[in-house]
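Q: Below is the structure I would like to discuss, written out as structure tokens.
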Amino acid sequence: MDNGATPARTAPAAVIVAIDGPSGTGKSSTSKAVAAQLGLSYLDTGAQYRAMTWWMITNGVDVSDPAAVATAAGKPMLVSGTDPAAPTITVDGADASGPIRTQEVTSKVSAVSAVPEVRTVVTELQRSIASAAGKGIVVEGRDIGTTVLPDADVKVFLTASPEARAARRSGELKGKEATDVAATKDALAKRDAADSGRKTSPLAKAGDAVEVDTTDLTLQQVIECVVTLVEEKRAAR
Ligand SMILES: Nc1ncnc2c1ncn2[C@@H]1O[C@H](COP(=O)(O)OP(=O)(O)OP(=O)(O)O)[C@@H](O)[C@H]1O
Ligand SMILES: Nc1ccn([C@H]2C[C@H](O)[C@@H](COP(=O)(O)O)O2)c(=O)n1
């Protein structure tokens, strides 16, 4: 600009970050912290599938019957709040953040989320939330980089050894439900097998995702790694 005028400042383009991986690899903790640090929105897509499952259970839908689940898939109204400091999820206006974390929902969510009609409804919702996030968003789940947001700017696939994941989860559950590491490891393995083995958008690493093994990393190190990937991407634009 050579006319002496101050160049107009343009807002940085929205950045879309997809974080996928098996259960207990640190997706939620990492995604929330990265979003908060970078001023982005945050979406927990697992919470949406859990909310759908909770609605099915409380409305008497037989979750072992894919046809019944498919018929009901469009009925609940799911709303996700995307503030990383206080993410929320409501179903038909009711706060579902507590009920979706019960053992019953955890044991049934893989069956419900395997039903293609459920995935169609939830995927559409996820895309509309991502496209409305003005500054950008960190979206975590199982199929974000492969299916929901295949054009995401940054894709990360988190992994960790089964032992590390079970130990992390057992630590969380102490005094509440199960505390047995072996049982937790078993339950995680079962859920991962179901999530990876389903036909429609299974848990998978996108070809262009950066894989980060978090087994021997602290949560802070994982957060820094993802923040760096996002900053590098922004700098290269
Ligand atoms: N790198 C890490 N080192 C140690 N503990 C960690 C690390 N990352 C996450 N954790 C802890 O592990 C537990 C599981 O993490 P988190 O809920 O973020 O995983 P997740 O991948 O989102 O799991 P899920 O898919 O089941 O929701 C939490 O208690 C979290 O604090
Ligand atoms: N994008 C996603 C996110 C989650 N799911 C399913 C599979 C998980 O077992 C379940 C609960 O997720 P979590 O809260 O453990 O992250 O939801 C999926 O199919 N696709």
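Q: Determine which single condition residue 142 fails, assuming it passes every other condition in (1) more than 25 Å from residue 83 (Cβ to Cβ); (2) touching a residue at least 60 places away in the same chain (Cβ under 8 Å); (3) among the charged types (D, E, K, R).
A: (1)
Q: Exactly one condition in (1) touching a Gly at 6+ places or on another chain (Cβ under 7 Å); (2) at pLDDT below 95 is not met by residue 121; state its number.
A: The one condition residue 121 does not meet is (2).
Q: For the range 2-54, what are the residues that are more than 16 Å from ligand 2 (Cβ to nearest atom), assigned to a loop (DSSP other than H, G, I, E, B) and either modelled with pLDDT of 95 or more or at positive phi (or both)?
A: The answer is 4, 39, 40.
Q: Right, something else. Here is a check on your reading of the model: is residue 99 touching a helix residue (DSSP H, G or I) at 6+ places or on another chain (Cβ under 7 Å), over 22 Å from residue 203 (Cα atoms), of a type outside the set (A, V, I, L, M) and buried (at least 21 other Cβ atoms within 10 Å of the Cβ)?
A: Details: touching a helix residue (DSSP H, G or I) at 6+ places or on another chain (Cβ under 7 Å): yes; over 22 Å from residue 203 (Cα atoms): yes; of a type outside the set (A, V, I, L, M): yes; buried (at least 21 other Cβ atoms within 10 Å of the Cβ): no.
No.
Q: If you don't mind, there's one more thing I want to ask. Just checking, which of 146, 159 is among the β-branched types (Val, Ile, Thr), away from ligand 1 (no atom under 11 Å from the Cβ) and at pLDDT 95 or above?
A: Among 146, 159, only 146 is among the β-branched types (Val, Ile, Thr), away from ligand 1 (no atom under 11 Å from the Cβ) and at pLDDT 95 or above.
Q: State whether one or more residues within the range 177-195 are over 15 Å from the mean Cα position of the chain (by Cα), within 12 Å of ligand 1 (Cβ to nearest atom) and farther than 19 Å from residue 53 by Cβ.
A: Yes.
Q: Same structure again: Looking at the range 27-86 only, could you name the residues that are acidic (Asp, Glu) and free of Cβ contacts under 8 Å to residues at least 12 places away in the same chain? Break it down stepwise before answering.
A: Going residue by residue through the range 27-86, those that are acidic (Asp, Glu) are 44, 62, 65, 83.
Listed by number, the residues that qualify are 62, 65.
Q: What are the pairs with Cβ atoms under 8 angstrom where one residue, in the range 220-235, is farther than 18 Å from residue 159 by Cβ and the other, located anywhere, is hydrophobic (A, V, I, L, M, F, W, C) and assigned to a helix (DSSP H, G or I)? Sequence gap at least six, or different chains.
A: Qualifying pairs under 8 Å: 227/34; 227/38; 230/34; 230/38.
Q: Just for the range 30-57: of the residues that are among the polar types (S, T, N, Q) and over 15 Å from residue 107 (Cβ atoms), which one is nearest to the chain's Cα centre (by Cα)?
A: From the range 30-57, those among the polar types (S, T, N, Q) are 30-31, 37, 41, 45, 48, 53; that's our starting set.
Pick out the ones that are also over 15 Å from residue 107 (Cβ atoms) and you get 30-31, 37, 41, 45, 48.
Details: 30: 11, 31: 8, 37: 18, 41: 13, 45: 4, 48: 9 Å.
Looking at the filtered set, the residue picked out is 45.
Q: Continuing with this model, one more query. Sort through 57, 89 and tell me the only one that's surrounded by 19 or more Cβ atoms within 10 Å (Cβ to Cβ) and closer than 24 Å to residue 172 by Cβ.
A: None of the others qualify; the one that does is 89.
Q: Of the residues 97, 64, only one is of a type outside the set (A, V, I, L, M) and within 15 Å of ligand 1 (Cβ to nearest atom); which?
A: On the way: 64 fails: within 15 Å of ligand 1 (Cβ to nearest atom).
Unique residue meeting the criteria: 97.
The values are calculated or read from the model by the stated rules, or taken from the named source; none is laboratory data. Please read all numbers here as calculations on a predicted model, not as lab measurements. Neighbour counts run over all protein chains shown; Cβ positions are idealised from the backbone, glycine included.
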